[in-house]
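Comments concern the structure below.
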Amino acid sequence: MIVLGLETTCDETAAAVVERDADGRGRILSNIVWSQIDEHAAFGGVVPEIAARAHVEVLDRLIAQAMQEAGRRFDELDGVAAAAGPGLIGGLIVGLTTAKAIALVHEKPLVAVNHLEAHALTARLTNDLPFPYCLFLASGGHTQIVAVRGVGDYVRIGTTLDDAIGEAFDKTAKVLGLDYPGGPAVERAARDGDPARFALPRPMVGRPDADFSLSGLKTALRLEAEKLAPLSDQDVRDLCASFQQAVADMVRDRLRTGLSLFREQFGQPMALVAAGGVASNQAIRALLNACALDGRTVLVLPRPELCTDNGAMIAWAGAERLAYGLTDTLDVGPRPRWPL
Ligand code: KG4
Ligand code: ZN
């Protein structure tokens, strides 16, 4: 089965072609991602209107490139998938409408994919991974612990009550005058910083649920920065290191609780799977490994380019749904809010 997938939910425009064989094994035939980061950097965050226009400008070209690299024609596809949500409405309309046009013209099944479901299933594209497994998704827009029990069968175990973890990294970077996106900048600065210099709060730690909260930590960091202003380079490094340590401590505690809630309800997970841009942070990766070991399971970390937003994950989720006959009609609409 060969599927074209389009991703336009946020600030990456992406098109990819993947293959799923009869045994459920995946292969990436092409995976083209165009990041709009430069267009949004001056604003310190994603501007929805700029994002939507940029998707319109480049999507056609990316699709042509993805098809060419895959060496396939449209009539050789078994389906066309697009991320229909959650995300920014302008981008969703661009991607979904484009997928509908291709599906209509070439008489192919359409699959409207939930972006979060795509993150949840990506690990199966490159690994022989049976259900059920525990997903930790941490990106700029989402922070969730999810029990992935099968295609279309997801149970949310924990979520953030306010900001996403990546968003907190981005806001911290902004307060400290670092580059956007903030995650990599904060991680770099933290390397030469003292994680014990500032006693920042660890929200939610010790609670019996597996939820997250970042706003108290974010505010505490801003107050420390204001007290010290103007900040020296070493102040910035120490603030970054203290912030990253606080996030890591919270994630470790929340994941431990999440994994034990998983076991109580669904039995032993086949793996702990991480996805989203935050999973590329080395401090977070180290603790994910420790959490998996503690939970007597294994850590599955898809390659960095498959952890962040891309077209292959949408195409793969489309193929997994197609294998169960789960398709959508041409009147399916975009869903800016679409919980798993
Ligand atoms: O998954 P992703 O590429 O896009 C979505 O948000 O869907 O995630 C981007 C987020 C940004 O908030 C970025 O600051 C964060 O992931 N991020 C990181 C790191 N690299 C990216 N956060 C912490 N440490 C990193 N090394
Ligand atoms: Zn994402």
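At q = 0.11 Å⁻¹, work out log10 I(q)/I(0) for the chain with the Debye formula, treating every Cα as an identical point scatterer and leaving solvent out; two decimals please. Treating every Cα as an identical point scatterer, log10 I(q)/I(0) equals -0.70. The amide H of Val273, built 1.01 Å from its N in the peptide plane, has Cys134, Leu135, Phe136, Val300 as neighbours under 5 Å, considering only residues 5 or more places off or on other chains. Legend: helices of the chain (whole DSSP H runs) are marked when their alpha-carbon atoms reach 24 angstrom or more along the helix axis and their mean Kyte-Doolittle hydropathy is at least 1.0; marked are 89-106. Summarising the strand pairing of the chain, around 65 percent of its internal DSSP beta bridges are antiparallel. Across the range 25-34, rounded Karplus estimates of 3J(HN,Hα) from the backbone phi angles (6.51 cos²θ - 1.76 cosθ + 1.60, θ = phi - 60°) give 7, x, 8, 8, 8, 6, 7, 10, 10, 10 Hz, Gly and Pro being marked x. Measuring nothing but how far apart in sequence close Cα pairs (under 8 Å, 6+ apart) lie, relative to its length, the chain scores a relative contact order of 25 percent.
For the range 153-213, averaging the sequence separation of C-alpha pairs within contact (under 8 Å, six or more residues apart) and dividing by the residue count gives a relative contact order of 43 percent. Under a model in which nothing but the beta-carbon of Lys, Arg (+1) and Asp, Glu (-1) is charged, the chain shows a dipole of about 720 debye around its Cα centre. The mean sequence distance of close C-alpha pairs (under 8 Å, at least 6 residues apart), as a share of the length of the range 187-304, puts its relative contact order at 29 percent.
With charges only on Cβ, +1 for K and R and -1 for D and E, what is the dipole size of the range 133-301 about its Cα centre, in debye, rounded to 20?
Values: 19 positive and 20 negative charges, 74 e Å.
Once rounded to the nearest 20, the dipole reads 360 debye.
Taken along its three principal axes, the alpha carbon spread of the range 63-161 comes to 41, 34, 22 Å, from the longest extent down to the shortest. Taking every alpha-carbon pair within the range 133-301, the share separated by more than 20 Å comes to 48 percent.
The count of lysine pairs in the chain that are at least 8 places apart or cross chains, and whose C-alpha atoms lie under 22 Å apart, stands at 6. Taking Cβ atoms as reference points and 13 Å as the exclusive limit, the residues near Val205 contribute a net charge of +1, counting Lys and Arg as +1 and Asp and Glu as -1.
Within the shell defined by Cβ-Cβ distances under 11 Å, the residues around Glu117 carry a net charge of -1, with Lys and Arg each +1 and Asp and Glu each -1. In the chain, the calculated helix contribution to ellipticity at 222 nm averages -14500 deg cm²/dmol per residue, counting -39,500 (n - 2.57) for every DSSP H run with n ≥ 4. In order along the range 126-134, the phi-based Karplus estimate (6.51 cos²θ - 1.76 cosθ + 1.60, θ = phi - 60°) of 3J(HN,Hα) comes to 10, 10, 7, 10, x, 7, x, 9, 9 Hz; Gly and Pro are listed as x.
Amide H to amide H distances under 5 Å link Asp163 with Leu214, Ser215, where only residues 5 or more positions off or on other chains count and H is placed in the peptide plane.
Bear in mind that the values in this text are calculations on the coordinates, not laboratory data. From a predicted model like this one, the values you see are computed outputs, not experimental measurements. No Cβ is skipped: glycine too gets one built from the backbone with ideal geometry, and neighbour counts run over all protein chains shown.
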